[in-house]
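The values are calculated or read from the model by the stated rules, or taken from the named source; none is laboratory data. These numbers come from a predicted model, not from an experiment. Here the Cβ positions follow ideal geometry from the backbone for every residue, glycine too, while neighbour counts run over all protein chains shown.
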Protein chains: 2
Amino acid sequence: MAVDKKAHIMNHAIALFADRGFEGTSIRELAHEANVNVAMVNYYFGSKEKLVEAIIDEKAAYMKDRLEELEANERLTEIEKIDRLIEDYVTRILAGASFHKFLYKELMDTKREDIQEFLTNSFARNAKSVASIIEKGIQKKIFKAVDPALTVASIIGSISHVMMSKRYCNKLLQKPETNEPYTDDEFRIRLINHIQNMMHSHLLAVSDKS
Amino acid sequence: MAVDKKAHIMNHAIALFADRGFEGTSIRELAHEANVNVAMVNYYFGSKEKLVEAIIDEKAAYMKDRLEELEANERLTEIEKIDRLIEDYVTRILAGASFHKFLYKELMDTKREDIQEFLTNSFARNAKSVASIIEKGIQKKIFKAVDPALTVASIIGSISHVMMSKRYCNKLLQKPETNEPYTDDEFRIRLINHIQNMMHSHLLAVSDKS
DNA sequence: TTGAGTTAATCAAACGTTTGTTTGATATTT
DNA sequence: AAATATCAAACAAACGTTTGATTAACTCAA
């Protein structure tokens, strides 16, 4: 019973924090949106700060698991790994669009230092995994001698940039305001194809048209 | 006299907003940082909201000018335009790191709708200019048939991603915490080279090693 | 099965802070 | 002497949080 309600509050909190920011969201607003009493947030989480920590904690572990598994997989070539990773990232980030936006905002905020430190480590660790795959590809002379760290930044940055705001994304794609890019499978595939193609050109010595 | 002090307050506001967010920054904090009385912000700008509008208004015009000039320039090939644009973007965004972070945050925030609408239009118009250059390159068969809109997202996203936070950027590059990437010319050149190389591979039919 | 006793959950109301803003007096400049 | 700039102090509103009463859910001997 308690777990369900906690999750219920957390889900509404994620959506609100992503939209309006941490400081921009009041407990009263959250309580109203989630249809619970204002006291419930402090009852279940202790404080607004701990609520945000609970949200991050819950999702943090899940992130790196798939990545480390992929890095260790010996049956895939480096470019196959990169391709899978791009598909994975795009799909997961689109599925949790508001959560990703929320993380991004927290990462840019220096006010709550412990949270930023924690998130930075989490993000950087993931980036390191991807960079390792690229480095291995370079060692094997399958990849060109690109900048691994900045290549990672380009992959994640490409995705994150279109996730900034639905309104901006639609304007960029010249779609009507009513378009819902983050739940549209056509856009998902378009984004995956673009980044994969770009990375093929960027990484592979000989352009590989597939 | 009044203009100087207004600019003085605005500069400190930009730095604080970028760090701590709009709602995360109090007038008292800003006043203390800028060494002015708390009443001065409202005296000069009317309100905190109008202060943020003044900041955006001031810088908005400057952005698109260089871009439209570049687009119209007939003495440059499309790839030369892209190269210049990348150098321009990186240099300008690094120079105004905290301002760019501030804009990014505002763009993601749906609370102050008019500001978001205004910023979205400003960003999207710039993106459209760049996309036009890419489209012309495709028409001329100088460029491959890439996705113009998403290619723009990759260029700007690559830069923006490393601008998220100094701490994250240093971890990504495996530099010590004390490193100052946003004022380090070596990093500026490294970032320009990476994006230019990536775009050369991505856009040009035949890889052009320079 | 019952029902008294214990714990957990919910709520409206109030608490102390902090917020952006305004005021009215004082200083400075023109 | 008129206009502009600065200031400490006070203002109302909103904030996160706590309280104490009330209700629901669960426990387990009789």
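Of all residues assigned to segment A:172-189, none qualifies as being buried (at least 19 other Cβ atoms within 10 Å of the Cβ), touching a His at 6+ places or on another chain (Cβ under 7 Å) and more than 24 Å from A:R75 (Cβ to Cβ). Residues in segment A:34-59 that are among the charged types (D, E, K, R) and within 14 Å of chain B (Cβ to nearest Cβ) were compared, and the one that is farthest from DNA strand D (Cβ to nearest atom) is A:E49. Taking segment B:158-194 as the range and being under 19 Å from A:Y104 (Cβ atoms), part of a helix (DSSP H, G or I) and touching a residue at least 24 places away in the same chain (Cβ under 8 Å) as the test, the residues that pass are B:S158, B:I159, B:S160, B:V162, B:M163, B:Y182. Restricting the first member to segment A:196-210 and to residues that are more than 10 Å from every other protein chain (Cβ to nearest Cβ), and the second to residues that are at pLDDT below 70, the beta-carbon pairs closer than 9 Å and six or more apart or on different chains are A:Q196/A:S210.
On the given criteria, is B:Y104 part of a helix (DSSP H, G or I), of a type in the set (S, T, Y) and over 30 Å from A:E23 (Cα atoms)?
On the way: part of a helix (DSSP H, G or I): yes; of a type in the set (S, T, Y): yes; over 30 Å from A:E23 (Cα atoms): no.
Taking the combined requirement at face value, the residue does not satisfy it.
With respect to (1) within 23 Å of A:S154 (Cβ to Cβ); (2) more than 8 Å from every other protein chain (Cβ to nearest Cβ), the lone exception for B:A124 is condition (2).
To keep it simple, each residue is scored yes or no on (1) free of Cβ contacts under 8 Å to residues at least 40 places away in the same chain; (2) in the same structural domain as B:K111 (by TED's automatic domain parsing); (3) closer than 22 Å to B:D109 by Cβ.
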{"site": "B:A13", "(1), (2), (3)": "no, no, yes"}
{"site": "B:F17", "(1), (2), (3)": "no, no, yes"}
{"site": "B:G24", "(1), (2), (3)": "yes, no, yes"}
{"site": "B:E29", "(1), (2), (3)": "yes, no, yes"}
{"site": "B:M40", "(1), (2), (3)": "yes, no, no"}
{"site": "B:V52", "(1), (2), (3)": "no, no, yes"}
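Say whether the condition of being in a loop (DSSP other than H, G, I, E, B), among the β-branched types (V, I, T), in contact (Cβ under 8 Å) with a residue 60 or more places away in the chain and away from DNA strand D (no atom under 16 Å from the Cβ) is met by at least one residue in segment B:71-91. Yes, segment B:71-91 contains a residue that is in a loop (DSSP other than H, G, I, E, B), among the β-branched types (V, I, T), in contact (Cβ under 8 Å) with a residue 60 or more places away in the chain and away from DNA strand D (no atom under 16 Å from the Cβ).
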